[in-house]
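Worksheet for the structure shown next.
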């Protein structure tokens, strides 16, 4: 009826690849069974993770009901899962670390995995949602407001993939601001009473202990004396070695090594002060030209590598790499003095991968579309007077405190399920793109010649999930989901699929 032509790319899918993919999903989810003290809680975990992978919209948890054709009567039970005492966030995190270390093709640099850390702010207007507070936006995007009300998450990911395409597999995300009062009620806030910067280092050490030594990539916001102190302390006490590669601000000041003097008196801790921005001009002749791979392309740039002291009162040895790329100048920093300048430049180029993961979690997975709230939570006050107590301090009832704490658990649990679903989607892309290049389909898209995107994998699963269940009835994941489905709808959907 229309003269317009729409291109639809549809590729054949072999029965063998279909079966293998669902078996891989079943293998991954089975590794989480010991995390749950009750079978029903584990089954709901499986339903939720698979539902997050295939749901067609982000309109709340009902999208999972629609995406998997669940019987509507199960909706309230699924809601109850997030506040259940049958699981803990720490156990899910450790199990996910083990799965990633065992099954993901991780990137190793000098025998160390590469972790990526960053903060993520999501706007929330819920007036009775715990953890919501006024946040300042550091983004350079002028379309974003200077301040928002919402949640601040700290995220740790790990690089995995191949030279064709690297993913930042999310490992863990938790709220790192606005929750101290709630956690104080149970005496469990010791790990979250520090600043967002220090908490990021602590979370990275937890991952480093699971994967061995690690290199942590951070944005320039995280280069601070408290973060470096926590890094030094962790390297002494945690039993695993971790180094940081980050970026310094252009107004950064460093110090040369002190000159040893004979005679009496306390030796100097630092030498001459250097304004690093001036070094680009005063020592321009010493810059070396090199060709490196940045963001998937070969780029020519020049650099100068200097080992200096940094941090007022700390004076830690750091390796600074001053980089000139056309008219752009940047200062990269590494706590590992054995890394070459080109390695530091290449490594920091991978830091943006966590931004790509945030985008996919928002747009494809709907990871931050939760709407958990509690009537026991005091109504959000947008403007507190100076010296005015926070409304949470007025909550004294044990029952009310428990409900608020459970709501906080529900928020972080939903995000953790989304983390696992996103990482599982990325592992499917890495594992099956090479085996069956014509595995996936997309509308109005050029087929990928390397590794397909997360959106492509979710589109393929959404189109074929019911047929996969019908072909693999013996798998645990199939039996769990079919036990909660509206079978009349499933039969019709499987034929359509």
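Which residue is farthest from the chain's Cα centre (by Cα), if the candidates are limited to segment 146-164 and must be in contact (Cβ under 8 Å) with a residue 60 or more places away in the chain and crowded, with 16+ Cβ neighbours inside 10 Å? If we take residues in segment 146-164 being in contact (Cβ under 8 Å) with a residue 60 or more places away in the chain and crowded, with 16+ Cβ neighbours inside 10 Å, then 149 is farthest from the chain's Cα centre (by Cα).
Taken over segment 122-140, the criterion of being within 21 Å of residue 376 (Cα to Cα), out of contact with any helix residue (DSSP H, G or I) (no Cβ under 6 Å at 6 or more places or on another chain) and surrounded by 14 or more Cβ atoms within 10 Å (Cβ to Cβ) is satisfied by 124, 126, 127, 128, 129, 131, 132, 133.
Could you please let me know if residue 291 is assigned by TED's automatic domain parsing to the domain that holds residue 339 and under 30 Å from residue 162 (Cα atoms)? The answer is yes for residue 291.
Would you mind stating whether residue 61 is under 25 Å from residue 464 (Cβ atoms), under 27 Å from the mean Cα position of the chain (by Cα) and modelled with pLDDT under 95? The answer is yes for residue 61.
Give me the helices (runs of 4 or more DSSP H) completely within segment 439-497, filtered to those with at least 1 residues that are at pLDDT 90 or above, ordered by residue number.
Values: elements: 454-471, 476-482, 487-496.
Per the criteria, 454-471, 476-482.
Selection over segment 386-396 of residues that are in contact with a helix residue (DSSP H, G or I) (Cβ under 9 Å, 6 or more places away or on another chain) and either farther than 16 Å from residue 130 by Cα or buried (at least 19 other Cβ atoms within 10 Å of the Cβ) (or both) gives a count of 0.
Against the condition assigned to a loop (DSSP other than H, G, I, E, B) and touching a strand residue (DSSP E or B) at 6+ places or on another chain (Cβ under 8 Å), how does residue 263 come out, does it pass? If you could, list the steps in order and put the result at the bottom.
Working: assigned to a loop (DSSP other than H, G, I, E, B): yes; touching a strand residue (DSSP E or B) at 6+ places or on another chain (Cβ under 8 Å): no.
Answer is no for this residue.
So, residue 44, is that one buried (at least 21 other Cβ atoms within 10 Å of the Cβ), touching a strand residue (DSSP E or B) at 6+ places or on another chain (Cβ under 8 Å) and in a helix (DSSP H, G or I) or not? No. I'd like the full set of residues that are surrounded by 15 or more Cβ atoms within 10 Å (Cβ to Cβ) and assigned to a helix (DSSP H, G or I), limited to segment 95-121. Hits for segment 95-121 are 95, 96, 97, 99, 100, 101, 103.
Among the residues of segment 18-30, are any in a loop (DSSP other than H, G, I, E, B) and surrounded by fewer than 22 Cβ atoms within 10 Å (Cβ to Cβ)? Walk me through it before giving the result.
Within segment 18-30, the first condition is being in a loop (DSSP other than H, G, I, E, B), and the residues that meet it are none.
Within segment 18-30, not a single residue is in a loop (DSSP other than H, G, I, E, B) and surrounded by fewer than 22 Cβ atoms within 10 Å (Cβ to Cβ).
Tell me the residue from 38, 128 that is at pLDDT 95 or above, farther than 30 Å from residue 463 by Cβ and over 23 Å from the mean Cα position of the chain (by Cα), please. Break it down stepwise before answering.
On the way: 128 fails: at pLDDT 95 or above.
Testing whether each residue is at pLDDT 95 or above, farther than 30 Å from residue 463 by Cβ and over 23 Å from the mean Cα position of the chain (by Cα) leaves just 38.
Could you identify the single residue in 309, 304, 339 that is part of a loop (DSSP other than H, G, I, E, B) and assigned by TED's automatic domain parsing to the domain that holds residue 253?
Details: 309 fails: part of a loop (DSSP other than H, G, I, E, B); 304 fails: part of a loop (DSSP other than H, G, I, E, B).
The match here is 339.
(1) surrounded by fewer than 21 Cβ atoms within 10 Å (Cβ to Cβ); (2) in contact (Cβ under 8 Å) with a residue 12 or more places away in the chain: which one isn't true of residue 348, the others all being true? The single condition residue 348 does not satisfy is (1). None of 342, 282, 300 is closer than 29 Å to residue 120 by Cα and surrounded by fewer than 21 Cβ atoms within 10 Å (Cβ to Cβ) except 342.
Close Cβ contacts (under 8 Å, 6 or more residues apart or on different chains) running from residues in segment 269-293 that are assigned to a helix (DSSP H, G or I) to residues that are loosely packed, with under 10 Cβ neighbours inside 10 Å comprise 277/251. Out of contact with any strand residue (DSSP E or B) (no Cβ under 9 Å at 6 or more places or on another chain) and closer than 26 Å to residue 325 by Cβ: is that true of residue 295 in this structure? Here the answer is yes, as residue 295 does meet what is asked.
The values are calculated or read from the model by the stated rules, or taken from the named source; none is laboratory data. Quick caveat: nothing in here was measured; it's all calculated off a predicted structure. Note: ideal-geometry Cβ built from the backbone for every residue, glycine included; neighbour counts use all protein chains shown.
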